[in-house]
Every structure is written in structure tokens, then in C-alpha cells.
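Written out below as C-alpha cells is the structure these notes cover.
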Amino acid sequence: MPQYLSPGVYVEELDGGARPIEGVGTAVAAFVGLAAAGPFNRPTLVTNWTQFVTTFGEFMAGSYLAHAVYGYFQNGGGIAYIVRVGGDGDSAVPPARAELPAAGGKELPYRVNAVEAGPAGNDIQVEVTYPEGEGVPEDVFNLVVKRGINVEETHENLSTKRGKQNAVTVVNTASKLIRIEETSAGAALERPVRGNVQLAGGGSSPVPARLQPQDYVGDVADRTGFGALEAIDDVTMLSVPDLTAAYEGGMIDAEGFQAVQLAMIAHCELMGDRMAILDPPPGLNAQQIREWRVDRAGYDSKYATLYWPRIKVLDPLTGQNIFVPPSGHMAGIWANTDNERGVHKAPANAVVRGAITLELNITKNEHDLLNPVGINCIRAFPGRGIRVWGARTLSSDPAWKYINVRRLFNYLEKSIQVATDWVVFEPNDRDLWSKIRRTIAGFLVMEWRRGALFGNTPNEAFYVKCDDETNPAEGISAGQVVCDIGVAPVKPAEFVIFRLQQLEGGVSLVSE
């Protein structure tokens, strides 16, 4: 409280009570798979296809990751995190390298290796320059690291002698592109000669010789696989398209395929703010996918969804059309629906951009068998293109049957959680309860006006209760403040029924 000790005019700013809640983002995907380049097991943010190509390379054989990300951006996605896996296979893929000759030309004091194994390092150049000015020691030099024509790194005043400016110590600590090593340990080295050297000899295939389910699942402590995504709060969708590639290549069997998808579901349930978009095994017809879903996989989760069948797209690598898992394209449709209509709108009845045809065109009777068990079908309609024709989760609980209901609650829960941290350590009294009610009610009114909640009035759409009943003396003594919130989400019109009946028409004329 301010103190008033002398006469004068004092101005105070008072807290208005309610604080606005800003909705969190809902359209952030995470993709886990194999790439031609890029860092391993480090979630990397990309916002367009050009950024993905710059960091992780183009399309490559034996991987669906690039196709999934391309389909994501093509269908309206805007933000994605990429996790490149398969780093254990680096030992079989040599990195690009080069030697730096000495000024005398008789020895090779340093060998330069690319950090990334495989062909990614073949476009790296290292230029040796000498510092300008008089009195520069003969052991001091600079290294300029280029990728193509772009200068990526500059390491100045390096020394061949031991100490803080030792070339090996400085470069290997600071550089993200190269590592250098002395060719003659313990010998007095000459500084390299001026000029450029081109790294070469990187392995031709970045696909590891073998993969295990653990490569995809990873470890939270080591920040590997999609376990590394636990540290990324923004992610709302998880896709592992290269699980299908590993299964097709024989690196993972059917049980390993299922184990990775179960781990995806467990990850999403643990985080509570994201959903797993699962891909089906390849080559299954309608009866087989139903048997796999019901009898073999048996997934039951409100945080997971499954799309089938696979879609055919153009493969720029070969110029041919290939079938790819649909999860990347579906994530893009989710993101586009969120941006255009809102997270409360079911991401269905939308055209799949980039899809040429389907692996199997199903009939309505086949769809009647698949939809009740949570298989969201992709169908081709004459004159209307290829469309997503399902919006269900894999949950057996009718309350969480629809994707948009689960994602709406994820959005509401996280928005309220993030925006109400100011409540912590406030005096737990009726004044605080009133502020909480006004804050949350104001947020829910805005969502109701956007059409996310069902009801003619706000009172029909939601309620917020934070009073003496929800906060007894025992809870207050334990440091708890409890607020009950109930909302009525809108649900999709999945079955549109028009009832027609025949009426007797015309006018009867009666003559007298």
C-alpha cells in the first residue's frame, strides 16, 4: 500500500479484476522420420517447404517424411516440428571430408570432417585466410565455412599451438557444420596454406541399414525420437509417416509397427494436449483393415485417430506416382480447418490436395462397416474429388467419439491453464473466486459467439462455478482453489437425414 505523508495529488492504478484469456495455437504438427540431411533427434521448427528442404533435404528413396511434410503444407499447414531419426546408422555412412595442406606443402596438419554423415556435407567448403596487419604470429589463421556460395561460419585467430585459441578446441566447440582433427598428434604443426578446400566423399544413402521401434519412440531424458517432443508445448498433432516405410522395407515387423503406434498414443495421452494421426499398414482391403483395427491393434484412445486408405501422389524423385501414408495430408487439413473455421469444426468433407487417386476405392457398404469402429475413410466422389469422409477418434467412449470435440477441449484446457497462472499465490478469498469466474466466463462467451459451444444463450452453453461450495475450508487450508467449468461442445452433423412423405395434392370441386 502506498503511504501518503505529504500533501499533494496521487494517482493509483487499480486492477480491473477480469483478465483476458488468449486462445493458444491449435495447428502445430510434429513429424518423425528419415531425412536426407539435418540434425538427428532435435525437434526443428519449419514454417514452409523451402525451410524443410534447406534443413532436411529433398525427397529420398525409402522415406515418406518429405512427402508427408509436403502434403502438410500443400493442404494448409503452416507450422511444423521435424524430428529426424535413424542416427545409429551413421557409422555405415561416411561423412564428407577433406585435408588442409600446410604452407610448406609437405604435410597435412588438419583433417576436416562434416558433422552430418552422408551426402549432406559434400557441398561444404572451407577457406583458409590469414589475419591482416603487422606482427601476426606465423601460427595464427582463420577458417571460413561455406555451404554452396553462402558463408555459414567464421572462426578467427585460430592457433596451431595449445591454448584457448587452439584450432581444434575452438572449431569443434563452436562449429555446427564441421569438426577438425590433427593428423600428427603431439607434433609441431604448421598453419594451413591459404585457399579453399571442398569436402567430398559423403555416403550416398542417408537411410540407415536397420531401424528399431526404439529409434522412433526415443527417450525423454536423452531427447530422442518423439520423446524429444515432450519439451515442445506447442505441438498439437503427431505423425510418424516413415513407420510405414520401415515396415515395407522389412526393418520393422507387424508387432514393431503396433508398438510404435501404441507409444505414440501413450505420448499423446501423457501430454494431454495433442493427438496422434495414425497410418494404416499398407496393402489392406476393407475387410483386412477392419480386422486389423478390431482384432489385432485394438486401439482405444480419445487422443488418436486413424485414416485409410493410402493416397497416390507424384514422386519428384522418380517422376512416378506412388502411394504414401495419409497422415501428413490429414494434418494439413486439420490445420487449414482450424485457420478457416476454428478447432470446433470437424476436419472432414475437405478435398485432399495433391491426391491423384486412392489405394482402394471403397463402396458405401464397406464404409458402413468401417466408420463405426473409428476408421476415417478417404473417398473419391465423382465430380467432387477425393475427400476426407470421417471425423472420429479411436475411443469407445461416446462422449469422445469426434475429433473436433477432443481437440476443442484440448484448446480450452490449455488456453485456461496458460492464461490463469496469475492466480497462483494470490489470496484465496471470495474476491479471487470472483475474478476467476469473470475471467473464464469472458473467454467462454467469446468461444460461444464463434460457434464453438452449443446453446441459444451463454447460460445454455457453459457454466463456471467457483464459490464456497467448490472451495470449503479444508481445501483453502490445503492451498487449493477449485473452479468447476462445464461446456456444451458442438458436434458434427455426421448423419444428415431428410424425411419425405407423400401428400395428397390438388383441390376437390363439389358441385351442388
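When segment 378-422 is examined, which residues are found to be more than 26 Å from the chain's Cα centre (by Cα), charged (D, E, K, R) and more than 19 Å from M275 (Cα to Cα)?
Of everything in segment 378-422, just one residue is more than 26 Å from the chain's Cα centre (by Cα), charged (D, E, K, R) and more than 19 Å from M275 (Cα to Cα), namely R384.
Only residues that are touching a Ser or Thr at 6+ places or on another chain (Cβ under 6 Å), in a strand (DSSP E or B) and surrounded by fewer than 24 Cβ atoms within 10 Å (Cβ to Cβ): list them for segment 302-336, please.
K312
Quick one: how many residues across segment 43-56 are in contact with a helix residue (DSSP H, G or I) (Cβ under 7 Å, 6 or more places away or on another chain) and surrounded by fewer than 24 Cβ atoms within 10 Å (Cβ to Cβ)?
Count: 5.
From F498, F425, which residue is more than 32 Å from the chain's Cα centre (by Cα), at positive phi and without any contact (Cβ under 8 Å) to a residue 40 or more places away in the chain?
Numbers: F498 fails: at positive phi.
Answer to the check: F425.
Report whether or not L143 is in the same structural domain as H267 (by TED's automatic domain parsing), at pLDDT 85 or above and outside any loop (DSSP other than H, G, I, E, B). Let's see the steps before the verdict.
Working: in the same structural domain as H267 (by TED's automatic domain parsing): no; at pLDDT 85 or above: yes; outside any loop (DSSP other than H, G, I, E, B): yes.
No.
Consider segment 226-245. How many of its residues are at pLDDT below 90 and either over 24 Å from G77 (Cα atoms) or surrounded by 24 or more Cβ atoms within 10 Å (Cβ to Cβ) (or both)?
1
Restricting to segment 312-339, name every residue that is under 23 Å from the mean Cα position of the chain (by Cα) and of a type in the set (S, T, N, Q).
S327, N336, T337, N339
Restricting to segment 441-469, what's the tally of residues that are within 23 Å of D15 (Cβ to Cβ) and touching a Phe, Trp or Tyr at 6+ places or on another chain (Cβ under 9 Å)?
Pass one, segment 441-469, residues within 23 Å of D15 (Cβ to Cβ): 441-446, 464-468.
Next cut, touching a Phe, Trp or Tyr at 6+ places or on another chain (Cβ under 9 Å) only: 441, 444-445, 466-468.
Of the residues in segment 441-469, 6 are within 23 Å of D15 (Cβ to Cβ) and touching a Phe, Trp or Tyr at 6+ places or on another chain (Cβ under 9 Å).
Return the residues of segment 375-392 that are in contact with a Phe, Trp or Tyr (Cβ under 7 Å, 6 or more places away or on another chain) and either among the basic types (K, R) or part of a loop (DSSP other than H, G, I, E, B) (or both); say none if nothing qualifies. Reasoning before the result, please.
First, the residues of segment 375-392 that are in contact with a Phe, Trp or Tyr (Cβ under 7 Å, 6 or more places away or on another chain): 375-379, 387, 391-392.
Within segment 375-392, R379, R387, A391, R392 meet the criteria.
What's the number of the only condition in (1) in contact with a Phe, Trp or Tyr (Cβ under 9 Å, 6 or more places away or on another chain); (2) without any contact (Cβ under 8 Å) to a residue 60 or more places away in the chain; (3) not assigned by TED's automatic domain parsing to the domain that holds A473 that L360 fails to meet?
The number of the failed condition is (2).
Against the definition (assigned to a loop (DSSP other than H, G, I, E, B), surrounded by fewer than 14 Cβ atoms within 10 Å (Cβ to Cβ) and at pLDDT 80 or above), how does R223 come out, yes or no?
Taking the combined requirement at face value, the residue does not satisfy it.
Any chance you could count how many residues in segment 249-269 are assigned to a helix (DSSP H, G or I) and touching a residue at least 24 places away in the same chain (Cβ under 8 Å)?
Final tally of qualifying residues: 14.
When you scan segment 457-479, do you find a residue that is of a type in the set (S, T, N, Q) and touching a residue at least 12 places away in the same chain (Cβ under 8 Å), even just one?
Looking for residues that are of a type in the set (S, T, N, Q) and touching a residue at least 12 places away in the same chain (Cβ under 8 Å), one finds at least one in segment 457-479, hence yes.
Got a sec? Which of G62, G78, G71 is modelled with pLDDT under 90 and either buried (at least 17 other Cβ atoms within 10 Å of the Cβ) or not β-branched (V, I, T) (or both)?
On the way: G78 fails: modelled with pLDDT under 90; G71 fails: modelled with pLDDT under 90.
G62 is the lone residue from the list that is modelled with pLDDT under 90 and either buried (at least 17 other Cβ atoms within 10 Å of the Cβ) or not β-branched (V, I, T) (or both).
For every residue, the table says whether it meets (1) without any contact (Cβ under 8 Å) to a residue 24 or more places away in the chain; (2) acidic (D, E); (3) more than 29 Å from F59 (Cβ to Cβ).
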{"residue": "L306", "(1), (2), (3)": "no, no, no"}
{"residue": "P309", "(1), (2), (3)": "no, no, no"}
{"residue": "Q320", "(1), (2), (3)": "yes, no, no"}
{"residue": "P325", "(1), (2), (3)": "no, no, no"}
{"residue": "I333", "(1), (2), (3)": "no, no, no"}
{"residue": "N339", "(1), (2), (3)": "no, no, no"}
{"residue": "K364", "(1), (2), (3)": "yes, no, yes"}
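Name the one entry in T420, T363 that is surrounded by 15 or more Cβ atoms within 10 Å (Cβ to Cβ) and β-branched (V, I, T). Before the answer, list the steps.
Working: T363 fails: surrounded by 15 or more Cβ atoms within 10 Å (Cβ to Cβ).
The match here is T420.
In this structure, does A188 turn out to be surrounded by fewer than 16 Cβ atoms within 10 Å (Cβ to Cβ) and either at pLDDT 85 or above or of a type outside the set (K, R) (or both)?
Answer is yes for this residue.
The values are calculated or read from the model by the stated rules, or taken from the named source; none is laboratory data. Predicted, not measured: the structure shown is a model, and the values here were computed from it. Because the Cβ atoms are built from the backbone with ideal geometry, glycine has one as well, and the counts that use them run over all protein chains shown.
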